[in-house]
Structure formats: C-alpha cells, structure tokens
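Visitor: Dropping a structure here in structure tokens format, bear with me for questions.
What follows is calculated from the coordinates using simple rules that are stated; it is not laboratory data. Since we're looking at a predicted model, the values are computed, not measured. So basically every Cβ, Gly included, is an ideal-geometry build from the backbone, and we count neighbours across all protein chains shown.
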Amino acid sequence: MAEVLSQSEIDALLSALSAGDVEPEQLKEKEEKHRVKKYDFRSPQKFSKEHIRTLEMVHDSFARIVSNYLSGQLRKHVKMEIQTVEQITYEEFIHSIPNPTVLTIFSMPPLQGNILLEMNPEFSYQILDILLGGEGKRKTKLKDFSEIDKNILSSITSEMINSMKLAWEDIIEVKPQFEVLETNPAASQTLAPNEAVALLSFSVELGKSTTYMNLCIPYLSVEKILDKLIVQYWFKNDNSEVDTDAREKIMAGIEPAKVNLHVELGETEITLNDFLKLVKGDVLVLNTQYNSPVRVFVEDEECFIAKPGIIGKNLGVEILDITDKDVIEIE
C-alpha cells in the first residue's frame, strides 16, 4: 500500500523540486525499489544461489577429472570445462537435448533417485570413431546408435560417473552406480515434467571441435543434503575431518620409510697439498674435544645433539637435544 503524505510534506517536496534540491529521477528510483518482483509458481526457485555456486565448484573438479580420463582413453587432448549452472524443469531439459543422444542414467547413493548425464551425439561419434581406429572426425548426419555403439559408450560413461565419487568427497561420500544408457530422451521417464532440476552444462574440446555435455541433478536427489551444499560447510569439512583423515593416511605411508642417519665427530681444514700427502696412520686434529657433544644428521639435515659412547662392542650416541625446536611435533 502506498504511503500517504501530509500537506506539509507535499509542500516541502514541491519546494525541493522547485529549488533543484531533488531531481525527479530520484523519486522514480525510490518508487522502483518498492516494485514487486514477479514470481513464477509453475517453476519455483528451489536452489539458492549458494547451492548453485557449490554445485559449480564440485563439478568443476568433476570436469578436470573427466578431462584427464578421456585424454588417457582417447590418446588425444580433451578439455572439459563447466560453462553454466541453472535451475530449470525436467521437461525443459528433455526438450533442449537432441534425439538421438547419449543419456546415461545413474544413481549416487545415499542421494535419492537418479541423475542424468547427457553426452552430445557429435562428441559420442567422435569417441566411437577414435576407439575404433579413426581420427575422430565429427559426423555431419546423425544416425541411431547400434548395440555395439551403446556397449562401448556405456563402458566410457560408467568410468566418467565414477569420477563423481572423488568430486563429491568434500561434501558427502557417494557411490555412483550405472543404471542404463538411453538414446531417445523421450523414453526417459525419470521425473515429473515440472520437477525442478539443476542443469550443469560443460564445453568439451577434442581436437579442433567443441561440443558439450549436460548433467541434470534433480532437486529431490539433493533435498536432504542442502545444508551441506554451502561453501562454508565445504571448506570447514575440508579443514577438519578430511585433513585429519588425510594426515593419518600420509603418516601411515611415511612412518615405515627408512632414512639415512650419520654422526659428525668434528671437522678441520687442511691444504690441498697436505690432503694429497695423506697416508695410512696420519692423525688429523678436529675442532672438538673428546668430551664435546656431536651433531647427528638425518638425510644430511642436522637434527640432534648427542653424546658419543660405547654400547657393548659398538659405538653409539645418546641424544641430548633437538637442534630445531621450532619444528612442529607430530603426536
């Protein structure tokens, strides 16, 4: 409801306009601030900007992993990059992709329902051409995929979706499972037409050509973990539980490693002429006393101060102090 001005306020406003203290455009700006934003009840925005940003960060990692995998499989440089992340309806997604196409349907327990990975048919034919001995040229005319084509592509996309496990590890531990590969989008009845989905679009460079891939994540699949789809949670989790687990794994790997340790009794300086004349039985005077502590080196790094002695029939040292006390102790 508009605010009603008193007569004195109206007079003051007219006076300010006449004197030039207030511009008419300023009044319009204030009016625009109170305008109501349109809201489409048919496609409500269920994903917040924070959710969209986190999904983009997670799947930027997914794109890099898949790039490395495809480059290794095809023996050609493949560059996959995330381009856009937006919320649309499932019906809009299905109508936006070609027919035929390569639509991989998979699940990621504990997430609910199925997720869809759509691979552009032109890129799919490039993959098939390279794996079957060709140069990976793009097809000008699209045709239906044979059963052999589907089997080959199923193997490729199965490995691609396995990359989700590593990409999502900072959010939640998932177990990607391949369900089925479809080539006709209309045959996929995964969701209701008006169901909200997050659509992530990727560009894929192979050789001199650029195609695309789409990842469709239903809102229902991530509804129960929305509290984890925020950047603050991601980094908090990364700095605590993940770091602790990673540290334990690193320590378990390096603790059995063997290192070289030696003791330096002392040092001295001689001329090159004296060095060349050294023979068995010559005595060198060091810069240390017989009862002075010695330095202990680990892999050529001085670590300890020790006292030399005899242990049974062997020489040994007793550690007296740590050289660098600023080193963080590992508990």
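Visitor: Between residue 83 and residue 247, what's the calculated FRET efficiency when r is the beta-carbon distance and R0 is 41 Å? Round to 0.05.
Guide: The pair residue 83/residue 247 has a calculated efficiency of 0.70.
Visitor: Given a Förster distance of 45 angstrom, what is the FRET efficiency for residue 274 paired with residue 169, based on the Cβ-Cβ distance and rounded to 0.05?
Guide: Working: r = 63 Å, r/R0 = 1.40.
Step by step, r from the Cβ atoms, then E = 0.10.
Visitor: Nearest 0.05, what FRET efficiency do residue 192 and residue 60 give at R0 = 30 Å with Cβ-Cβ as r?
Guide: 0.55
Visitor: Something else: Be a star and scan the range 102-133 for residues whose amide nitrogen sits under 13 Å from the point 7 Å along the Cα-to-Cβ vector of residue 224.
Guide: Within reach of a label on residue 224: 108-114.
Visitor: With θ set to phi - 60° and the Karplus curve 6.51 cos²θ - 1.76 cosθ + 1.60, what are the ³J(HN,Hα) couplings of the range 181-196 in order, to the nearest whole Hz, using x for Gly and Pro?
Guide: Computed from phi, the couplings for the range 181-196 are 10, 10, 10, 10, x, 5, 7, 8, 10, 5, 9, 5, x, 8, 6, 6 Hz.
Visitor: Over 32 Å between C-alpha atoms is what I'm after, so list which of 46/208; 79/143; 46/175; 46/249; 137/175; 280/307 land there.
Guide: Those over the limit are 46/208; 46/249; 137/175.
Visitor: Here is a further query. Can you list the residues of the range 299-323 with backbone N under 15 Å from a point 7 Å past the Cα of residue 257, pointing along Cα to Cβ?
Guide: What the label zone holds, given the 15 Å backbone N cut-off, is 299-301.
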